[in-house]
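A quick write-up on the structure given underneath.
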Amino acid sequence: MNAVMTYASGRDPLQRYDAVRRKNAEAAYDRHARYNGENQKVLKELDALLTGDSGPAATTQSDRQPPQTLDAGQVKQVTFPVGKTLEETIDLWRGVRADALSQMEPSTADYQLAATASAKIMQTEAQIALEKRAQSEVEAELFHEELQTASVASGDLPSLDREVLLLQKRYDQAISSYSFHVQMKRNGFEIERPSFYKIA
């Protein structure tokens, strides 16, 4: 593209403008394609999680792992096992970590494998905690909805006194808001400063 820009810079300014515009359009298209491609992968993973298909999510998860380079320049490919449930997966990763550290003198690769397994275990435990929290919030919300429907069904309709109190409360709020706006208009919509500012 630089050769085109150099050629266009020596010629007509309109050609230079067109070359710059083409270059900007290509860069924007490339950025959009990269962004959209990543989003499509994430959407497929989320769909798989929502439908309960752990197969596609597990394969895409192992595809994203970059090869690990060791100190001697060696490359070790590690694919972590994935169980049917998250708890089973954690147990499998704990086994991988234990196997990596079970040797008499673990190498750097073994330490890296154990560290990666520990990170995956913590990540999965965090995911389990988030899922449990979301489930408990959903259950709490369902419980509150059931209580509200039960209270309406039992005949606890608001009495006339309560309606009068609510109307009085709204009336007081409206008067307070109106008087505040009237005071602001009198001050010219400026913030009223404390009295020690006026003295100094």
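Assorted remarks:
- Candidate set from segment 87-144 (those that are of a type in the set (S, T, N, Q) and under 30 Å from Leu50 (Cβ atoms)); member that is surrounded by the most Cβ atoms within 10 Å (Cβ to Cβ): Thr89
- Condition check for Thr51: at pLDDT below 65, of a type in the set (Ser, Thr, Tyr) and open to solvent by less than 100 Å² (accessible area, probe 1.4 Å): no
- Leu43 falls short on exactly one of the conditions (1) at pLDDT below 55; (2) of a type in the set (A, V, I, L, M); (3) loosely packed, with under 12 Cβ neighbours inside 10 Å, and that condition is (1).
The values are calculated or read from the model by the stated rules, or taken from the named source; none is laboratory data. All values derive from a computational prediction rather than experimental measurement. Every residue, glycine among them, receives a Cβ derived from its backbone with ideal geometry; neighbour counts consider all protein chains shown. The accessibility values were calculated without ligands, DNA or RNA, using every heavy atom of the protein model including side chains. Shrake-Rupley method; radii C 1.70, N 1.55, O 1.52, S 1.80 Å.
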